[in-house]
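Okay, structure first, notes after.
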Amino acid sequence: MRLQAVVALALLHLPAASFAASEVKGASRVDAVTVYRSGARVVRIVRADLPAGDVRLLVEGLPVGIADDSVRVEGQGTGKGKIWGVSVEAITKAEAMDAAAREAEERLERLQLEDRALEDQAKVADARRKFVESLRSTYSEERAKNLAVRGVAAKEWSDLAAFVDGQLASSAAEIRKVEVARRELGRRVAAARAELDKLRAKRSEATKTIAVELSSERAGALELAVSYVVGTASWRPVWDARLDPEAEAMELALRAEISQQSGEDWKDVKLSVSTAEPGRGLYVPTLESRWLTGAPPPPVYRARSERSGAPAMPSMMAKSAPRMAESMADAEEAVALETPQATAEQGLLAATFTTPRRETVDGSGKARSVALSRFPLKAKLARVTAPRVEPSVFLTAKAVNETGLPLLAGMAGVYVGQEFVGRAPLPATPPGGELELAFGADGRVEVERRVLERRHETAGIVSKDEVFRYRVRVTLKSRYAAPVEVRLLDLVPVSREEKVEVKLLEGTTAPTREDPERPGVKIWELKLGAREERAVELRYEVRYPRGFPIQGLE
């Protein structure tokens, strides 16, 4: 038979009394899990042999964090049947724990009785030792008093000494043996007591049971797929960005760091991660009217370096393979290890990656890192410098996301050639979008910024103006034997006031363009020849009426 049910919220609270049926407990295991950025959908396979007629199939021991309205059931069996409904019940562990606790208590009592028996054995051995010592003392004292009446033969003293020594040695050996046995037994008692305490602590914990109400025309085997959502699970993307400067290629390797605290272990499951965010909620935005009440102050713009966060990462595996082969002198041939790829599916709104093998994720929150995919990209190298912020030239690589999948935002370990150079944030990049990553400072292009002139004067005959003139020179010097491109950033201040005028002066090296998102930031696209040195000049003046308060001047 084929049984199917999409369980609506109304069915979850179907009264048990309205469904008179026999109860059967099904054996179940987690078969597949799809992890979202927040939450996960778990598919559990349930198998049971059912009698004919009405049955309540119980799936027990499930996490208490199940979202009740997320439960869905479908299945198949050997006879024609129907699924009438599903209910989710919270169950405390008291009954199950009572039986286990009683067994643990009995085990602890048996160990304690064994310990008391060993203690008694040690007491008997010690009593025998004391008796022998007392006997030796009494006999010696008695014989000493009567020594003048009756002498003592050497053999008698020898036999007495041998008897005493033997008894004392035997008692001491038995006491030592008991002490060793009690130490070992003490560890077993401590373990049994800890297990009992653990079971007692679990009495107040709760689980959930899913009860599936169904009917079958004849007895037979049944297999159900029960799915539900848990909220205490998540995954985050972890990237490696590897740059091959000579080939102008960049490889992005994606890993998923998965963690969950549902309380159930996902053992040997078909594991997928999805970019969907079901916990975010769904809605259609409403646009409200906007009323103007007055001009707000203009935004504050600040120049910033174009560094993408942190420096770049290690080389491609192909480059290190020869070195590895050399170190494997005893091997006939060094073969690079394969990295299996996840299966990627791009849906209308989300992408899903399914791991190439079954995986296990601990239910206590321990993170599990799983390799997903590698994306080779063509990269255009560039060098960017903003010496006003930092006198260094930074290597960057631009690439177009031609993978057909979204590149998720996350931290990336960055490599250049054979070297790990740091970590950088990788921004979210849709299919077809452009990605730019920083790969660290390039010491073979030097940059120096100097303020050559900062002059203040007063202009005007009737109304006096304050005038500040600036002259800045940036010098770039390439140590490369081939041409390189450098993007230079500098700025002139931006006026917020009509009375404050800022203008470029003659002698300024014409910038290529201005940053559209950051007013005042000028950009020079420069191509330096082999070992070429070039200077860029920036000259500007700031003019405003005398006495007018102004801030932000250099």
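The values are calculated or read from the model by the stated rules, or taken from the named source; none is laboratory data. Every value quoted in this text rests on a predicted model; they were computed, and no experiment measured them. A quick note on method: Cβ atoms are made from the backbone with ideal geometry, for glycine too, and the neighbour counts reach across all protein chains shown.
Listed by position, the strands (runs of 3 or more DSSP E) inside region 465-540 whose residues that are under 21 Å from LEU395 (Cα atoms) and out of contact with any helix residue (DSSP H, G or I) (no Cβ under 8 Å at 6 or more places or on another chain) number at least 1 are 465-478, 484-491, 521-528. Taking into account only those residues within region 212-247 that are in a strand (DSSP E or B) and basic (Lys, Arg), which is nearest to THR396 (Cα to Cα)? Within region 212-247, the match that is nearest to THR396 (Cα to Cα) is ARG242.
No other residue among LEU254, LEU199 is under 30 Å from GLU106 (Cα atoms) and surrounded by 20 or more Cβ atoms within 10 Å (Cβ to Cβ) apart from LEU199.
Within region 284-293, is there a residue that is surrounded by 14 or more Cβ atoms within 10 Å (Cβ to Cβ), over 30 Å from LEU489 (Cα atoms) and at pLDDT 70 or above? Looking through region 284-293, none of the residues is surrounded by 14 or more Cβ atoms within 10 Å (Cβ to Cβ), over 30 Å from LEU489 (Cα atoms) and at pLDDT 70 or above.
Considering VAL152, VAL124, the condition of being more than 59 Å from the chain's Cα centre (by Cα), modelled with pLDDT of 85 or more and aliphatic (A, V, I, L, M) is satisfied by VAL124 alone. Pairs are defined by a Cβ separation below 9 Å, a sequence spacing of at least 6 or placement on different chains, a first member in region 176-189 that is free of Cβ contacts under 8 Å to residues at least 12 places away in the same chain, and a second member that is among the polar types (S, T, N, Q); the pairs so defined are LYS177/GLN121.
Among the residues of region 37-85 satisfying the criterion of being of a type in the set (Asp, Glu) and touching a Leu at 6+ places or on another chain (Cβ under 9 Å), which is surrounded by the fewest Cβ atoms within 10 Å (Cβ to Cβ)? Please lay out each step first, then the result.
Taking region 37-85 as the starting set, the residues that turn out to be of a type in the set (Asp, Glu) are 49, 54, 60, 68-69, 74.
Right, trim to touching a Leu at 6+ places or on another chain (Cβ under 9 Å) and you get 49, 54, 68-69, 74.
Working: ASP49: 12, ASP54: 15, ASP68: 18, ASP69: 15, GLU74: 15.
Checked region 37-85; the qualifying residue surrounded by the fewest Cβ atoms within 10 Å (Cβ to Cβ) is ASP49.
Say whether the condition of being at pLDDT below 85 and either of a type in the set (Ser, Thr, Tyr) or farther than 25 Å from ALA32 by Cβ (or both) is met by at least one residue in region 113-121. The answer is no; no qualifying residue exists.
Checking each residue in region 453-478 for being within 51 Å of the chain's Cα centre (by Cα) and either of a type in the set (Gly, Ala, Ser) or exposed (fewer than 14 other Cβ atoms within 10 Å of the Cβ) (or both) picks out only SER478. When ALA321 is tested against (1) over 18 Å from LEU252 (Cβ atoms); (2) part of a loop (DSSP other than H, G, I, E, B); (3) modelled with pLDDT under 90, exactly one condition is not met: (2).
Looking at this structure, is LEU11 more than 30 Å from the chain's Cα centre (by Cα), hydrophobic (A, V, I, L, M, F, W, C) and modelled with pLDDT under 90? Lay out the reasoning, then the answer.
Numbers: more than 30 Å from the chain's Cα centre (by Cα): yes; hydrophobic (A, V, I, L, M, F, W, C): yes; modelled with pLDDT under 90: yes.
Yes: the conditions hold for LEU11.
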